[in-house]
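Single-structure report; data block below.
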Ligand SMILES: [Fe+2]
Ligand SMILES: [Fe+2]
């Protein structure tokens, strides 16, 4: 079913009840729990969150459609803020959480594939860390400098050409577990698989925001500055 566009007067609790998969996104916008009957507007005001940036990104992730009335009024710095929070969420929370459960699931029964699976996951984490590091050390500071009017030899199309998908390794890991991992106590591994599916989707929408929101926003600004 196609999701509808969220509006600033929707209450948070209704949105969550309607589609709980929005929860990890709310955490990355630094929206605390204890939302009472507050609307998106209320909560943004109380937590100093840019409501248009929040709606632009939430609606894009939910529907795949970019709201043209918001794209020109939201600062790319708001998108960068969300992406930085997301990097932190993946590295310090989500991957650590999956690794902990994966290790616990593997330890339940000795199996020839155990070390292969764990090594595969660790290699994936290292790759994603490098990917995030490049964005945080090169791309995001470039955008901040650009908005301060500073000149640079870097440009956003360098990032665009250089930007690879990182979630593919998770699809492979899922396949290894689904096809070859045998165990008599599968419950925890089933949980891990659900988390891996969620994480893969989350990483894909993270990339989509970088490719389809951030990059066009920044190249627009570059064009304006060149004129
Ligand atoms: Fe990123
Ligand atoms: Fe990225």
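Just so you know, all these numbers are worked out from the coordinates, no wet-lab data involved. Treat the numbers as computed from the prediction; the structure is a model and nothing was measured. Counting neighbours? That spans all protein chains shown, and the Cβs are built from the backbone with ideal geometry, glycine included.
Here are some notes:
- Considering residues of region 158-168 that are within 12 Å of ligand 2 (Cβ to nearest atom) and closer than 30 Å to residue 227 by Cβ only, the residue surrounded by the fewest Cβ atoms within 10 Å (Cβ to Cβ): 162
- For residue 206: the one exception among (1) touching a residue at least 12 places away in the same chain (Cβ under 8 Å); (2) in a helix (DSSP H, G or I); (3) farther than 26 Å from residue 26 by Cβ: (3)
- Sole exception among (1) in contact (Cβ under 8 Å) with a residue 60 or more places away in the chain; (2) farther than 21 Å from residue 219 by Cβ; (3) surrounded by 15 or more Cβ atoms within 10 Å (Cβ to Cβ) for residue 75, by number: (2)
- In this structure, residue 35 does not satisfy being on the phi < 0 side of the Ramachandran plot and in a helix (DSSP H, G or I).
- Filter result (buried (at least 18 other Cβ atoms within 10 Å of the Cβ) and touching a residue at least 40 places away in the same chain (Cβ under 8 Å)) within region 29-66: 29, 55, 56, 57, 58, 59, 60, 61, 62
- When residues of region 169-203 are limited to those that are within 13 Å of the chain's Cα centre (by Cα) and surrounded by fewer than 16 Cβ atoms within 10 Å (Cβ to Cβ), the one farthest from ligand 1 (Cβ to nearest atom): 198
- Looking across region 122-157, the residues that are part of a helix (DSSP H, G or I), more than 20 Å from the chain's Cα centre (by Cα) and surrounded by 14 or more Cβ atoms within 10 Å (Cβ to Cβ) come down to 142, 146, 147.
- Filtered residues of region 115-133 (kept if in contact (Cβ under 8 Å) with a residue 12 or more places away in the chain and within 16 Å of ligand 1 (Cβ to nearest atom)): 124, 125, 127, 128, 129, 131, 132
- Checked against the criterion of being within 16 Å of ligand 2 (Cβ to nearest atom) and within 16 Å of residue 164 (Cβ to Cβ), region 111-125 contains one or more residues that satisfy it.
- Residue within region 76-89 that is touching a helix residue (DSSP H, G or I) at 6+ places or on another chain (Cβ under 9 Å) and away from ligand 2 (no atom under 16 Å from the Cβ) present: yes
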